[in-house]
Amino acid sequence: MGNWVVNHWLAVLFLVAWLGLNVFLFVHIFLKYEKDDKYYYTREILGTALAVARASAFCLNFNSMLILIPVCRNLLSFLRGSFCSRTLRKTLDHNLTFHKLVAYMICIFTAIHIIAHLFNFERYSRSHHVTTITLASVLSSLHHDKEGGFWLNPIQSPDMTVLYVTFTTIAGLSGVIITIALILMVTSSMEFIRRHYFELFWYTHHLFIIYIICLWIHGMGGIVRGQTEKSMNESHPHKCAQSFEKWDDHDPDCKEPQFEGHPPESWKWTLAPVVLYIFERFLRFYRSQQKVVITKVVMHPSKVLELQMKKRGFSMEVGQYVFVNCPSISFLEWHPFTLTSAPEEDFFSIHIRAAGDWTENLIRAFEQQNSLIPRIEVDGPFGTASEDVFQYEVAVLVGAGIGVTPFASILKSIWFKLQHSDHKLKTQKIYFYWICRETGAFAWFKDLLTSLEQEMEESGKVGFLNYRLFLTGWNSNIAGHVALNFDKATDILTGLKQKTFFGRPMWGNEFSTIATTHPKSVVGVFLCGPLTLAKSLRKCCHQYSSLDPRKVQFYFNQENF
């Protein structure tokens, strides 16, 4: 726990501040509506549910203000590449995690807001059905038959139902639409949906436009009302509430109270982030319209497509990613892919594995040799955690399957740096682990690893890169074939000098060895892979980091798109 706090103190501080602001805002607004004399008469009908509804509404506005900022990728990339320290960059890399946390908070306060208003509407309705004359019943009947809109109870008669008010008022109908949009966005964002039905996630997530618009107009109905300032001066509730039966007698000291709704406030909270996000989308649209020239198409084993491209003004760093669109497949869908080329190359490349309808259709389109090459649009590049790999003395790179792509960019860049004897290279040692289910996947970057082996031998840096390949899926034929050729100088599966391991790495042993070999180094651990693997690596980083800052420290970094 101590190591975790040391490595993530800024993220923890930010999270505590965000939670604290939510608590402060809720309590502050709750007490305002619970104590303010302006809402004395409103509380007479609604009770504490009034303050709960308003407090949750303000917290909803606060979190709706924050929800778009973590997905402004250009802003985050700019911050990462400017003045940010390593600690701040690591915090920025958790942008999608914070986006999800804010979304969960919006769901919680939406539920509280809805439940509170269910109580409010029930009490509004019940105040019309009391058999005796009470202050609540008198307040509910005020001003409905007069012009000016000074009424308090939106349910104007005993015959009007809660359902009718819900679907015939601006506040009620917009609230229903907001709730439906939120449910669709949240349920379609589940891990299973995003991985297997990405198109569904993509389209439903754009319901946030409807969510924001309805949020802006939600307060126009003025369902929750307070006494007007003029009426407060003429008939203060502390003086006139007890004499409500005499209001009809036109007593000049205690006139009938008049009420007004709140003007919409949500737009004040969310306007700036919405403008920022619109600018972000315009910038991304402009960049995506720049011409992309496909210079080379390669079909690799295991249904992996490699595209090498050029684009005017395109500049990248290692480990970054781009969004790709193919208009002939879908005009609206954009999918993220890590760049597999190095900044030193005169082109940029991506590797695409068939993992859904869109990727399968794209690969099929490029496999059709008699047809024209499909037009590709590219937006980016955007920064990720892997950009920081050369900021560490020792780097541990872990890729699972196609998750090797960001490290291909890093390894290629290392090859160029070794060729040109880059003395600015801070990194002294790299450990590379690649875990695959099938042997064909190793063919994707076999040539790159072969070139690296040769270059390190020629430059006298054989120990600079320590890489290990792990095969998790094999049968008896593969195992027998490997056993028969075990004594050969090169691996029978890959043709590399480094032999392939069967099974999964024993991460405890690996981290223990690295910690012993580099007892005073700062080690950056980078992963592009599944959550289960992330949990194991994160646990090892905390376990094998020393509380003494002068000794070995492991910093965990994970790719987030």
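Numbers below:
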read-out	value
Of all residues making up region 341-364, the number that are among the charged types (D, E, K, R) and closer than 22 Å to PRO301 by Cβ	4
Selection count where residues are open to solvent by 70 Å² or more (accessible area, probe 1.4 Å) and of a type outside the set (Lys, Arg), scope region 28-40	2
Positions within region 110-145 being of a type outside the set (A, V, I, L, M, F, W, C) and not in a helix (DSSP H, G or I), in sequence order	SER127, HIS128, HIS129, THR131, THR132, THR134, HIS143, HIS144, ASP145
Of residues in region 85-109 being in a helix (DSSP H, G or I) and among the hydroxyl-bearing types (Ser, Thr, Tyr), the one modelled with the highest pLDDT	TYR104
Sole residue being at pLDDT 75 or above, over 46 Å from the mean Cα position of the chain (by Cα) and open to solvent by less than 50 Å² (accessible area, probe 1.4 Å), chosen from VAL165, VAL176, VAL138	VAL138
From THR204, THR270, residue being open to solvent by less than 40 Å² (accessible area, probe 1.4 Å), over 20 Å from ILE114 (Cβ atoms) and modelled with pLDDT of 85 or more	THR204
Search result, residues across region 112-122 that are open to solvent by 60 Å² or more (accessible area, probe 1.4 Å) and either under 21 Å from PHE26 (Cα atoms) or more than 39 Å from the chain's Cα centre (by Cα) (or both)	ILE114, ILE115, LEU118, PHE119
Residues being charged (D, E, K, R) and open to solvent by less than 80 Å² (accessible area, probe 1.4 Å) - total across region 282-312	4
Which listed residue, of LEU200, LEU139, LEU182, is touching a residue at least 40 places away in the same chain (Cβ under 8 Å) and within 30 Å of LEU271 (Cα to Cα)	LEU182
Residue check, ASP357 acidic (Asp, Glu), open to solvent by 30 Å² or more (accessible area, probe 1.4 Å) and in contact (Cβ under 8 Å) with a residue 60 or more places away in the chain	yes
Qualifying residue in region 424-437 (condition: of a type in the set (A, V, I, L, M, F, W, C), modelled with pLDDT of 75 or more, assigned to a helix (DSSP H, G or I) and crowded, with 21+ Cβ neighbours inside 10 Å)	no
Neighbours by Cβ (under 6 Å, 6+ apart or cross-chain): first from region 511-530, closer than 16 Å to TRP434 by Cα and touching a residue at least 12 places away in the same chain (Cβ under 8 Å); second of a type in the set (A, V, I, L, M) and open to solvent by 20 Å² or more (accessible area, probe 1.4 Å)	GLY529/ALA400
Some residue of region 148-157 being open to solvent by 40 Å² or more (accessible area, probe 1.4 Å) and within 25 Å of SER266 (Cβ to Cβ)	yes
Wholly enclosed strands (runs of 3 or more DSSP E) of region 269-385 bearing at least 2 residues closer than 30 Å to PHE62 by Cα and in contact with a helix residue (DSSP H, G or I) (Cβ under 8 Å, 6 or more places away or on another chain)	377-382
Lone qualifier among THR161, THR110 - being among the polar types (S, T, N, Q) and free of Cβ contacts under 8 Å to residues at least 60 places away in the same chain	THR161
Odd one out for CYS240 among (1) farther than 29 Å from PRO381 by Cα; (2) surrounded by 13 or more Cβ atoms within 10 Å (Cβ to Cβ); (3) touching a residue at least 24 places away in the same chain (Cβ under 8 Å); (4) out of contact with any Gly (no Cβ under 9 Å at 6 or more places or on another chain)	(3)
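Quick grid of which residues meet (1) aliphatic (A, V, I, L, M); (2) at pLDDT 95 or above; (3) outside any helix (DSSP H, G or I); (4) surrounded by 20 or more Cβ atoms within 10 Å (Cβ to Cβ):
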position	(1), (2), (3), (4)
VAL23	yes, yes, no, no
THR42	no, no, no, yes
ILE45	yes, no, no, yes
ALA51	yes, no, no, yes
ARG54	no, no, no, yes
ALA57	yes, no, no, yes
PHE83	no, no, yes, no
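The values are calculated or read from the model by the stated rules, or taken from the named source; none is laboratory data. These numbers were taken from a predicted model, which means no experiment stands behind them. When we count neighbours, we look across all protein chains shown, and the Cβ atoms used for this are built from the backbone with ideal geometry, even at glycine. Side chains are part of the model used for accessible areas, which takes the heavy atoms of the whole protein and leaves out ligands, DNA and RNA. Shrake-Rupley method; radii C 1.70, N 1.55, O 1.52, S 1.80 Å.
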